[in-house]
Amino acid sequence: MENILLSLYRMVEDRRKNPVVASYTNYLQDKGDDYIARKIGEETIELVLAIKDKEKAAIIHEAADILYHLTVAIENLGITWEEISVELATRRIAGLH
């Protein structure tokens with residue numbers, strides 16, 4: 001099974017190259033970095049509230065929303081999940097996590 005974040009990234013990248021009518025991903029891409037950043041902030045607040053309420057289904061939903069919007073953001077900036085994975089691995093090796 002392919003890593004879901006890599007699969008999601010490929011879909012976002014494909015939407016940029018091959019826009020789809022009424023695609024929310026294309027809508028976000030067209031709105032730009034500032035709008036995407038606001039959406040990530042919005043979803044983060046919703047996740048914090050779900051965590052405080054210990055609502056498992058809501059936590060899963062909001063975490064997925066954040067990962068989706070974050071994927072759109074990093075693809076828009078030319079950053080890959082592989083680069084983020086390298087950063088996390090470096091921190092792990094350095095004992096920072």
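Since every read-out is calculated from the coordinates, none of them should be taken as a lab result. Here the structure is a predicted model, which is why all the values come from computation and not from measurement. Note that we place each Cβ from the backbone using ideal geometry, even for glycine, and neighbour counts take in every protein chain shown.
Out of residues 5 or more away from Glu55 or on other chains, whose amide H comes under 5 Å of its own, with H placed 1.01 Å from N in the peptide plane?
none
How high is the FRET efficiency from Ile4 to Ala37, r the C-beta distance, R0 22 Å, rounded to 0.05?
On the way: r = 23 Å, r/R0 = 1.03.
Plugging the Cβ-Cβ distance into 1/(1 + (r/R0)^6) gives 0.45.
Using Cα springs under 10 Å in a Gaussian network model of the chain, which residue among Glu75, Glu13, Glu42 shows the largest mean-square fluctuation?
Residue with maximal mean-square fluctuation among Glu75, Glu13, Glu42: Glu42.
May I have the count of lysine pairs in segment 4-93 with C-alpha atoms under 25 Å apart, counting pairs 8 or more residues apart or located on different chains?
Going through segment 4-93 pair by pair, I get 6.
For a test of the definition: using alpha carbon positions, the gyration tensor, and the 1.5 limit on a/c, classify the chain as rounded, prolate or oblate.
oblate
Springs between alpha-carbon pairs under 10 angstrom, Gaussian network model over the chain: which of Asp53, Asp30, Asp14 fluctuates most?
Highest fluctuation among the options: Asp53.
Expressed as a rounded percentage, what relative contact order does the chain have, with Cα pairs under 8 Å and six or more residues apart? Kindly include the intermediate steps, with their values, before the conclusion.
On the way: 58 pairs, mean separation 32.1, N = 97.
For the chain, the relative contact order is 33 percent.
Does segment 52-97 come out rounded, prolate or oblate, given a ≥ b ≥ c as the square roots of the eigenvalues of its C-alpha gyration tensor, rounded meaning a/c under 1.5 and, failing that, prolate meaning a/b above b/c?
It is oblate, given that a/c is not under 1.5 and a/b is not larger than b/c.
At 7 Å along Cα-to-Cβ for each site, give me the label-to-label distance between Asp53 and Arg16 in nm.
3.5
Go through segment 65-73 residue by residue and turn each phi into a ³J(HN,Hα) via Karplus (6.51, -1.76, 1.60, θ = phi - 60°); whole Hz please, and just put x for glycine and proline.
4, 5, 4, 5, 5, 5, 4, 4, 5
Step through the residues of segment 35-52 one at a time and calculate ³J(HN,Hα) from phi using the Karplus curve (6.51 cos²θ - 1.76 cosθ + 1.60, θ = phi - 60°), rounding each to whole Hz and writing x for Gly and Pro.
With coefficients 6.51, -1.76 and 1.60, one gets 5, 4, 4, 5, 5, 5, x, 4, 5, 5, 4, 5, 5, 4, 5, 5, 5, 4 Hz.
Please turn the phi angles of segment 12-26 into ³J(HN,Hα) values with the Karplus equation 6.51 cos²θ - 1.76 cosθ + 1.60 (θ = phi - 60°), one per residue in order, whole Hz, x for glycine and proline.
4, 4, 5, 4, 5, 6, 9, x, 10, 4, 6, 7, 5, 4, 5
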